[in-house]
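Inspection log for the structure reproduced underneath, given as structure tokens.
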Amino acid sequence: MNKDEHDHKHCLGLFEKLSEYLDNELDEVTCQEIENHIKECVPCFVCLQTLKRTVDLCKQAGNRTVPKDFSKKLREVIQNLPKSPPAG
Amino acid sequence: MTVPRRTNRKKIKDKDFELIRAINSGQFDRFPELVKRYEQKLYNFSFRMCRDAADAEDSVQETFLNVFKYLKDFRYETKFKNWLYRVAASTCIKKRRKSKFAPERELSLDEFIPQDKAEVPDHVPEWALMPLDKLLNDELLDKLNEAIFTLPEKYRLVIVLRDIEGFSTTETAQILNLSDANVKVRLHRARLFLRDKLKGYFENE
């Protein structure tokens, strides 16, 4: 299927499920349906690949180090807590 | 003859339970161990949710104070980390500020479907093909984190918990008090939103 034919309802139906496909949350029949479809449909294949790469990048989004001053302050607050939690 | 009562509840294995039981049995001096274990993770989560360093610090402190107060009510029916993030998410939501960068709005699937035939892709772009380690650099990660900041809160919460913090769909649903189906819908839209931002970044590079 080329881009001029890419307004098929079938594409839109599968488009909604691409994240579940990437997360292995679909049943076998739907997975197979998507796999067969993307073999023939370039726009859907591109969509799946770019979505997958987005997820890969999110997993690498990185961490900010806790500011030392805050860490120190937090420890002081915790040290000054009562010896038992308030009854509630 | 008495039949032993069967319970369907699965026994949860959790590396934190030993420490939580110790604190709950009166060893309050071990509470700082819990802070040490989760301070970094909660700071990052809170920063992504509050989008402001001072608000993130307040949220982390408030989260730990709430944990100290309510830990005795923890029932060991879920992993401690999931319970902790439920407290943290609710603390961050209460702290929310209105932002012109991430106005609260619904993301609809239609906005991610090319409206013009010229926009329908005909090849996989290089950024989705090249090895991840070759693609990654500080500028790209800054752009990605900026894009995450611009997601409306309800979508940001879900994608941060699922794709950054690594919780499963069901765990995320429990933390946010949503259905699994709702988490899946929000996650898909959040990913499509970020994908479009990344696409824009690479096309204008």
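What follows draws every value from the coordinates through simple rules; no lab data is involved. What you see is a predicted model; the values in this text were computed from it and never measured. Positions of Cβ are generated from backbone atoms using ideal geometry, with glycine treated the same way; all protein chains shown enter the neighbour counts.
Observations, loosely collected:
- Annotation: the residues B:ILE159, B:ILE148, sorted from fewest to most other C-beta atoms within 10 Å of their own C-beta, follow the order B:ILE148, B:ILE159.
- Computed helical MRE - 222 nm, chain B, DSSP H runs ≥ 4 contributing -39500 (n - 2.57), nearest 500: -18000 deg cm²/dmol
- Contact order, relative form, for the range B:17-94: 32 percent (alpha carbon pairs under 8 Å, 6 or more residues apart, mean separation divided by residue count).
- Separation of the A:VAL77 and B:GLU139 label points, Cα + 7 Å toward Cβ, nm: 3.8
- Here B:LYS10 is the anchor, and the lysines within straight C-alpha reach of less than 20 Å, apart from those fewer than 8 places off in the same chain, are B:LYS79, B:LYS81.
- Using C-alpha pairs under 8 Å with a sequence gap of at least 6, the mean separation divided by the residue count of chain A gives a relative contact order of 31 percent.
- Helix content alone sets the calculated 222 nm mean residue ellipticity of chain A: runs of n ≥ 4 DSSP H residues at -39500 (n - 2.57) each, divided across all residues, give -19000 deg cm²/dmol.
- On full extension, the segment bounded by B:ARG86 and B:TYR70 gains 4.5 nm, given 0.36 nm per residue less the C-alpha separation.
- Under the combined filter of DSSP loop state and at most 14 neighbouring Cβ atoms within 10 Å, the range B:12-101 retains these trypsin sites (Lys or Arg not before Pro): B:LYS13, B:LYS15, B:ARG75, B:ARG96, B:ARG97, B:LYS98, B:LYS100.
- Isolated Cys in chain A, by beta carbon distance under 4.7 Å: A:CYS11, A:CYS31, A:CYS47, A:CYS58
- Across A:LYS73/B:LYS95; B:LYS13/B:LYS154; B:LYS36/B:LYS154; A:LYS59/B:LYS154, pairs whose alpha-carbon gap is larger than 22 Å: B:LYS13/B:LYS154; B:LYS36/B:LYS154
- For the range B:5-80, GluC sites (Glu not before Pro) are listed when DSSP marks them as loop and at most 15 other Cβ atoms sit within 10 Å of their Cβ; the list is B:GLU77.
- The angle between the Cα long axis of helix B:80-94 and the main principal axis of chain B comes to about 60°, on a 0 to 90 degree scale.
- Exposure proxy ranking, count of Cβ atoms within 10 Å, fewest first, for A:HIS8, B:HIS188, B:HIS123, A:HIS37: B:HIS123, A:HIS8, A:HIS37, B:HIS188
- When each of B:TRP83, B:TRP127 is scored by the number of other beta-carbon atoms lying within 10 Å, the sequence from fewest to most is B:TRP127, B:TRP83.
- At most 15 other Cβ within 10 Å, DSSP loop - trypsin sites (Lys or Arg not before Pro), the range A:36-88: A:ARG64, A:LYS83
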